[in-house]
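Only one structure is covered here, and it is reproduced in the block below.
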Amino acid sequence: MNEPSLTVNAALPDLRLRLRQETGQDHVELDTLMSTLDLSTPEGRDVFSHIQYRGMLRLGRACGWEASEATSLIRNTVASLQQSFPGDAPAETDEALDGDAVAYVALGSQLGLTVLRRSLEPHQQTGAFEHEPDLGAWKAFARRIAEIPSGSGTATRLVEDARRAFRIFQSEAARLINPPTERTT
């Protein structure tokens, strides 16, 4: 456990603020990668959806498919996008993640999708953009985690696992946005 981090952030009024603060850099790094995609093109939306599929599949596996309010979101996302990317399940076996940490990242990603969906024409709302996000699940999650003291060991574990969940998406984005070039010699 990182005591200085715990001491500094124990004063935050709630866990959601602590999560936002301590995962902020991870979120920015992911957004920076994702912002290179041109979502106005089918190719850009396809890569975005592919990242969502692989990332959600890895998160689902890492939390044993139990992510509190995000469980159905993760299962449904994987099931619907799997049809577009058959045979491309990630081989990585990620370290176990707390379901609430996974829920924070998965439900938060849906909030971001809400904004992105608005920028697309209806005929462009395919793949990861096809479904309206479940804002009720986010609100229920936020209410529930508000009961967890922000300076507790549970909160520290959630923050650490949420950062790892962001890194899963970062690795998938890096892999699919900037794939290694094949050498022909």
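The values are calculated or read from the model by the stated rules, or taken from the named source; none is laboratory data. All of these numbers come straight from a predicted model, not from anything done at the bench. A quick note on method: Cβ atoms are made from the backbone with ideal geometry, for glycine too, and the neighbour counts reach across all protein chains shown. Each accessible area value is taken on the protein alone, full model and side chains, heavy atoms only, with ligands, DNA and RNA left out. Shrake-Rupley method; radii C 1.70, N 1.55, O 1.52, S 1.80 Å.
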request  = Using only alpha carbons, build the gyration tensor for the stretch 1-143 and give me the equivalent ellipsoid semi-axes, biggest first, whole Å.
outcome  = 27, 18, 15
key: Theoretical ellipticity at 222 nm over the chain - DSSP helices of four or more residues, -39500 (n - 2.57) apiece, nearest 500   = -20000 deg cm²/dmol
query = According to a simple spin-label model (label point 7 Å from Cα along Cα-to-Cβ), what is the distance in nm between A146 and H123?
reply = 4.4 nm
task = Give me the number: length gained by fully extending T114 to R20, i.e. 0.36 nm times residue separation minus the C-alpha to C-alpha distance, one decimal in nm.
result = 32.0 nm
request  = Just need the relative contact order of the stretch 1-145 here, percent rounded to a whole number, with Cα pairs under 8 Å and 6+ apart.
outcome  = 26 percent
ask   = Given a 1.4 Å probe, how much area per residue of the chain is accessible, in Å²?
value = 53 Å²
query = Of E69, E147, E172, which is the most mobile in a GNM of the chain whose springs link Cα atoms less than 10 angstrom apart?
reply = E147
ask   = Against the longest alpha carbon principal axis of the chain, how many degrees, from 0 to 90 and to the nearest 10, is the axis of helix 99-118 turned?
value = 50 degrees
inquiry  = If I compute solvent accessible area with a 1.4 Å probe over the protein chains, what percent of it on the chain is carbon and sulfur?
reply    = 52 percent
query = Going highest first, how would you order 102-110, 56-64, 87-95, 132-140 by mean Cβ packing within 10 Å?
reply = 102-110, 56-64, 132-140, 87-95
query = Among I168, I74, I148, whose mean-square fluctuation peaks in a Gaussian network model of the chain (Cα, cutoff 10 Å)?
reply = I148
key: Computed FRET value (nearest 0.05) for E130 with E95, which takes r as the C-beta separation and R₀ as 35 Å   = 0.70
